[in-house]
Amino acid sequence: MNDWFTPDAEPAAFRPQFRRDGQLNDTAETAGRLAAMLRAIDAGIVAIQEGPSRAAELALFVDEYLDGAYEFFHGDSGGQQKLALLYREVTSAARVEPEALVSEWEADVDGDAILDTYRFTRTPLVVDLMFGDQPLQLIVAHTKSNFINMGRDLWENPATRQAFIVEALTNRRRISAEGMRIRRYLDARLAADAAAPIIVLGDLNDGPGLDYFEELYLTHNVTDIVVGSAYRPEWQFTHAQHDVPAARRYTAVFEDFVPTRVLRRLLLDHILLSPRLRGSGAIRHAEYDAQVVNGGLRRQDRPTDHRPVTVDLEF
């Protein structure tokens, strides 16, 4: 969303046009597609990944495209890709900053067997909500990206492939470290109150199953870490989209080039429910597809890059 707005040194305002992937796009058309999708889904709570860098910019989008229907919290880390949470029809809402999620910790993120001082790439946005007398904590997370600039060229060139592998593994170790930190926080919360109502949601840059690097090098994925251990089933989270038909269980589509070029459909966006919670999860393909034109070729031709995921909860 940050592409849509003026530079941070200027007053917050929409740009008429913005450039993405070497193409010029119409801002109003792009923002309108996102707003139309959100209105069609009509969620009471909306978690945003890659929101604008300033709260004033998010306020412009909410006021001009969503008729001011939501209040929001805006994250304060992540550079130009901020987290945000829109909400309405709640009794109360308060942002909290658990020490375990805002402070740095030690982790070996480069595989040299030496612990490094590390912190989240984007500090999770944690919000406590009340629905009447029913509490709910939301942890909006967007873990470290595994993107590598010019990655395909590096991988396909035998002289640079090993350098690509090293960087890819460092990225995944960082994602893994962030997932483990979230899980440690969840374990502590559930140890104090096994019935704590908590949702972890967002783009974890990892899907169910193992990719090339997770299978051959790391031997684990991140989502399973956050869900929890089978040895403590009473603390395991439930994936809200676990029963979506397999052919529809994806939020992102991209061409992967490791180990060979293939078009992949991945479930990168997750809603994880603590043991107390039960809900019906969905991936909103219909609402997404309704806003796609020209095959989504340009940024203005699609509402977002990922399909939205939702869950219906009763309080």
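Let's see how each residue does on (1) at pLDDT below 95; (2) on the phi < 0 side of the Ramachandran plot; (3) exposed (fewer than 14 other Cβ atoms within 10 Å of the Cβ); (4) part of a loop (DSSP other than H, G, I, E, B):
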{"site": "LEU60", "(1), (2), (3), (4)": "no, yes, no, no"}
{"site": "ALA84", "(1), (2), (3), (4)": "no, yes, no, no"}
{"site": "GLY111", "(1), (2), (3), (4)": "yes, no, yes, yes"}
{"site": "ILE114", "(1), (2), (3), (4)": "no, yes, yes, yes"}
{"site": "VAL127", "(1), (2), (3), (4)": "no, yes, no, no"}
{"site": "LEU136", "(1), (2), (3), (4)": "no, yes, no, no"}
Next on the checklist: Cβ-Cβ distance below 6 Å, separation of 6 or more or different chains: which pairs start in segment 10-30 with a residue that is closer than 14 Å to ASP301 by Cα and end on one that is of a type in the set (Phe, Trp, Tyr)?
Outcome noted: PHE18/TRP4; ASN25/PHE18; THR27/TRP4; THR27/PHE14; THR27/PHE18
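Hydrophobic (A, V, I, L, M, F, W, C), more than 17 Å from the chain's Cα centre (by Cα), over 30 Å from VAL166 (Cβ atoms) and assigned to a loop (DSSP other than H, G, I, E, B), is that true of VAL244? It would help to see each step written out before you state the result.
Details: hydrophobic (A, V, I, L, M, F, W, C): yes; more than 17 Å from the chain's Cα centre (by Cα): yes; over 30 Å from VAL166 (Cβ atoms): yes; assigned to a loop (DSSP other than H, G, I, E, B): yes.
In short, yes.
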Item to check | Pairs with Cβ under 9 Å, 6+ apart, first in segment 221-244 and more than 15 Å from LEU186 (Cβ to Cβ), second β-branched (Val, Ile, Thr) and assigned to a loop (DSSP other than H, G, I, E, B) | outcome: GLN241/THR251
Checklist entry - Just wondering, is there one or more residues in segment 302-313 that are modelled with pLDDT under 95, in the same structural domain as PRO158 (by TED's automatic domain parsing), assigned to a loop (DSSP other than H, G, I, E, B) and not hydroxyl-bearing (Ser, Thr, Tyr)? => result no
Item to check | Cross-chain or 6+ apart pairs with Cβ under 9 Å, segment 109-132 first and assigned by TED's automatic domain parsing to the domain that holds LEU85, then polar (S, T, N, Q) and surrounded by 13 or more Cβ atoms within 10 Å (Cβ to Cβ) | outcome: none
Checklist outcome for this item: Among residues of segment 3-20 being surrounded by fewer than 19 Cβ atoms within 10 Å (Cβ to Cβ) and under 21 Å from the mean Cα position of the chain (by Cα), the residue farthest from GLY295 (Cα to Cα) is ASP3
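Select from segment 1-44 the residues that are among the polar types (S, T, N, Q) and either in contact with a His (Cβ under 7 Å, 6 or more places away or on another chain) or assigned to a helix (DSSP H, G or I) (or both) and list them in ascending order. First the steps, then the outcome.
Residues of segment 1-44 that are among the polar types (S, T, N, Q), as a first pass: 2, 6, 17, 23, 25, 27, 30.
Listed by number, the residues that qualify are ASN2, THR27, THR30.
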Checklist outcome for this item: In segment 184-222, anything more than 20 Å from ARG249 (Cβ to Cβ), outside any loop (DSSP other than H, G, I, E, B) and in contact with a Phe, Trp or Tyr (Cβ under 9 Å, 6 or more places away or on another chain) is listed as ARG184, LEU186, ASP187, LEU190, ALA191, ILE198
Next on the checklist: Can you tell me which residue is modelled with the lowest pLDDT among those in segment 178-218 that are farther than 22 Å from ARG276 by Cβ and hydrophobic (A, V, I, L, M, F, W, C)?
Outcome noted: LEU210
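Quick check, is ASN221 touching an Asp or Glu at 6+ places or on another chain (Cβ under 7 Å), under 30 Å from ARG152 (Cβ atoms) and modelled with pLDDT of 95 or more? First the steps, then the outcome.
On the way: touching an Asp or Glu at 6+ places or on another chain (Cβ under 7 Å): yes; under 30 Å from ARG152 (Cβ atoms): yes; modelled with pLDDT of 95 or more: no.
No: the conditions fail for ASN221.
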Checklist entry - Can you name every residue in segment 286-312 that is free of Cβ contacts under 8 Å to residues at least 40 places away in the same chain and closer than 22 Å to THR223 by Cα? => result ASP312
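The values are calculated or read from the model by the stated rules, or taken from the named source; none is laboratory data. The structure presented is a predicted model; accordingly, all values stated were derived computationally and were not measured. Heads up, the Cβs are rebuilt from the backbone with ideal geometry, glycines too, and the neighbour counts pull from every protein chain shown.
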